[in-house]
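Every number here is computed from the coordinates shown, using simple stated rules; none is lab data. Because the structure is a prediction, the values reported are computed rather than measured. In this analysis, Cβ positions are derived from the backbone assuming ideal geometry, glycine residues included, and neighbour counts consider all displayed protein chains.
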Amino acid sequence: MEEQEKNRTDQTNRVLLLPGDKNDSNVSAIFSEDKLELRADFYPSMAGGKPLSIDYIASALNRLNVVHGILWENIQKAVASCNLNHKIVRDLAIARGNPPVNEVLEYYQVNPNLRAPEPEPQGNDRVDYRAYSPFIIVKKDQALAKLKSRKAGKEGKDIYGTVLPHGALRPEGVSPGANTRSDGTFIYANINGQLIIEQGVLNVQNSLVIKGAVDYRTGHIIFPGDVEIEGPVSDGFKIYSGGSVTIKQTFDVTDAITKTDLTVSGGIIGRGRALVKVGGALKAKFIENCKVAARKTITVEADIVNSAVFTLEKLEMGEKGKILGGEIYAVQGIVTGGIGKKTGKATRIHCGVDFTAQQEKEKCNYQMRVLSAKLNKLRKLLASEAELPPSPAQDERRKKMEEIQVRLEEEQKKLGEQITAILGRLNAFEGAAVEVSGEIAPGTLIEICQIALFVSEPLRRVRIRLDRGLGKLVSEGL
């Protein structure tokens with residue numbers, strides 16, 4: 001029997017354990033390439049053949065030098081199934097070693113919460129994809145990465161009992177770069193800006209450079225530092241910058257706020273609903289159909305068309321530049337090539353007046369009108385109450401109404417004082433002037449320190465200023 005039994009191994013690492021008679025039960029086993037597992041097919045005996053035995057399999061495994069990780073429970077179940085149920089058991093693991101566990105070296109792992117913001121559903125579950133941004137914006141002192149501690153490795157053992165040494169893995173981590181710092185546990189951002197990961201190095205940039213256009217590929221631009229846009233800005237996209245903004249083509253503006261300067265190589269087109277707020281100076285080729293406010297000088301090379309323009313300094317335009325329609329507030333004055341045209345909307349110019357104080361005054365005036373309406377209504381109610389027969393309930397109601405009246409009158413008094421204070425700083429620069437190298441068209445209204453001049457006949461090459469002694473605006477030839 002033993003002489004007839006033999007082992008054969010084919011090219012697929014399969015071992016055939018052949019008994020003496022072809023009708024006897026047999027086992028066909030296959031080794032894994034890494035010698036960490038041995039799987040087998042169990043075949044029941046045929047007519048007159050001998051059944052499988054545990055001892056026979058143990059002897060065969062011993063001859064194969066399989067000594068570690070033998071799964072005796074699996075083997076017993078397979079032998080029972082073959083012998084009792086005469087069923088073939090296929091691809092059963094009968095020995096399994098222990099693979100080595102590699103050592104993992106320490107590394108900095110990027111903060112998983114650092115990712116570009118996703119667009120959120122709006123009403124009716126619609127998603128505004130303009131709110132999606134591919135840029136990762138971080139704040140000063142924000143944690144960018146965390147040090148992951150070393151994990152010890154563990155030796156393995158194959159089914160022959162051979163010890164398998166473990167290796168060492170160094171995960172693809174990151175390291176601190178420009179405008180970052182490390183305290184040995186975390187990597188932090190030193191400034192507000194855009195996070196850039198280049199070849200495993202974390203860099204925080206204080207400027208955002210967009211090589212192409214601002215559109216659905218970029219989404220709205222919201223950045224704490226300077227922004228440079230090399231392409232055009234599409235309609236419907238907002239720009240908010242904590243620094244300056246430079247746009248090298250046309251700015252189809254919807255909503256824009258910059259903390260410092262705004263420079264547009266092309267023009268600013270607003271389509272009538274746009275709002276631009278600039279914390280510094282503004283330069284553009286032209287401005288059309290929008291509302292623009294800047295704390296410093298506004299410089300426009302060509303025309304300003306049907307726009308509301310506000311500056312706390314000067315409006316300076318090119319020699320051929322014209323103001324066509326709309327309303328201009330420039331505290332220190334205007335230099336332009338022309339104002340208005342014979343056929344078109346009237347143009348209104350306001351100089352010497354602090355437009356922020358003007359807006360405060362208008363807001364206070366509105367509040368004053370609301371308070372006056374409430375007081376008038378309350379006084380009428382009190383007068384009608386006085387005609388009713390007295391009663392405890394009526395007395396209580398009248399007392400509450402009188403208390404409200406006193407409070408509203410106090411608010412009215414404070415608001416009046418506030419308006420008086422605003423008026424005191426409304427006229428901010430009496431030396432303001434309007435200089436026009438071309439023509440001022442009839443129908444133009446020019447106002448300096450709230451003293452107005454209505455232009456009924458064309459004026460050419462003039463400088464209009466306030467003569468405080470005469471109490472009126474005078475025009476001088478350039």
Calculated Rg and Dmax of the Cα atoms in Å (choose from (1) 43.0, 136; (2) 23.6, 78; (3) 23.2, 72), label: (1)
Which value, in debye to the nearest 20, describes the size of the charge dipole of the stretch 239-325 about its Cα centre when Lys and Arg Cβ atoms bear +1, Asp and Glu Cβ atoms bear -1, and nothing else is charged? 160 debye
Could you tell me the ratio Rg/Rh of the stretch 359-423? Both radii from Cα atoms, Rh via Kirkwood. 1.14
Distance from the Cα centre of the stretch 263-302 to that of the stretch 163-210, in angstrom? 39 Å
Please give the helix 54-63 orientation as an angle from the longest Cα principal axis of the chain, in degrees from 0 to 90, rounded to the nearest 10. 80 degrees
Listed residues Val335, Asn98, Ile229: farthest to the positive end of the dipole of the chain (Cβ charges): Val335
Of Asn62, Val455, Leu378, whose Cα points farthest to the positive end of the dipole of the chain (charges on the beta-carbon: +1 Lys, Arg; -1 Asp, Glu; origin at the Cα centre)? Val455
For the stretch 438-471, listing trypsin sites (Lys or Arg not before Pro) in a DSSP loop whose Cβ sees at most 15 other Cβ atoms within 10 Å gives Arg468
For the stretch 300-396, state which GluC sites (Glu not before Pro) are in a DSSP loop and have at most 13 other beta carbons lying within 10 Å of their beta carbon. Glu319, Glu387
Give, rounded to the nearest 20 debye, the magnitude of the charge dipole that the chain has about its Cα centre when Lys and Arg contribute +1 at Cβ and Asp and Glu contribute -1 at Cβ. 1300 debye
Where does helix 355-386 land angle-wise versus the long Cα axis of the chain, in degrees 0 to 90, nearest 10? 80 degrees
When the helices in the chain are scored as -39500 (n - 2.57) per DSSP H run of 4 or longer and the sum is shared across all residues, what 222 nm value do you end up with, to the nearest 500 deg cm²/dmol? -6500 deg cm²/dmol
Have a look at Ile159, Phe42, Ala143 and report the one farthest towards the positive end of the charge dipole of the chain, computed about the Cα centre with Cβ charges (Lys/Arg +1, Asp/Glu -1). Ala143
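Mind ordering 145-151, 288-294 by average Cβ neighbours within 10 Å, highest first? Numbers along the way, then the final one.
On the way: 145-151: 14.7, 288-294: 22.1.
Highest mean packing first, the order is 288-294, 145-151.
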State whether the stretch 266-379 is rounded, prolate or oblate according to the following rule on the C-alpha gyration tensor (a ≥ b ≥ c being the square roots of its eigenvalues): a/c under 1.5 gives rounded; otherwise a/b larger than b/c gives prolate, and the remaining case gives oblate. prolate
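Can you order the peptides 28-40, 173-185, 240-252 by their average number of other Cβ atoms within 10 Å per residue, highest first?
Details: 28-40: 18.0, 173-185: 14.8, 240-252: 20.9.
Top of the packing list down: 240-252, 28-40, 173-185.
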Count of Lys pairs (Cα-Cα under 15 Å; at least 8 positions apart or interchain) in the stretch 208-286: 7
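Please report the antiparallel percentage of the DSSP beta bridges confined to the chain, to the nearest 5.
45 percent
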Over 19 Å (Cα to Cα) among Lys77/Lys157; Lys50/Lys87; Lys291/Lys314; Lys322/Lys345 -> Lys77/Lys157
Treating only the Cβ atoms of Lys and Arg (+1) and Asp and Glu (-1) as charged, compute the dipole magnitude of the stretch 359-423 about its Cα centre; round to the nearest 20 debye. 200 debye
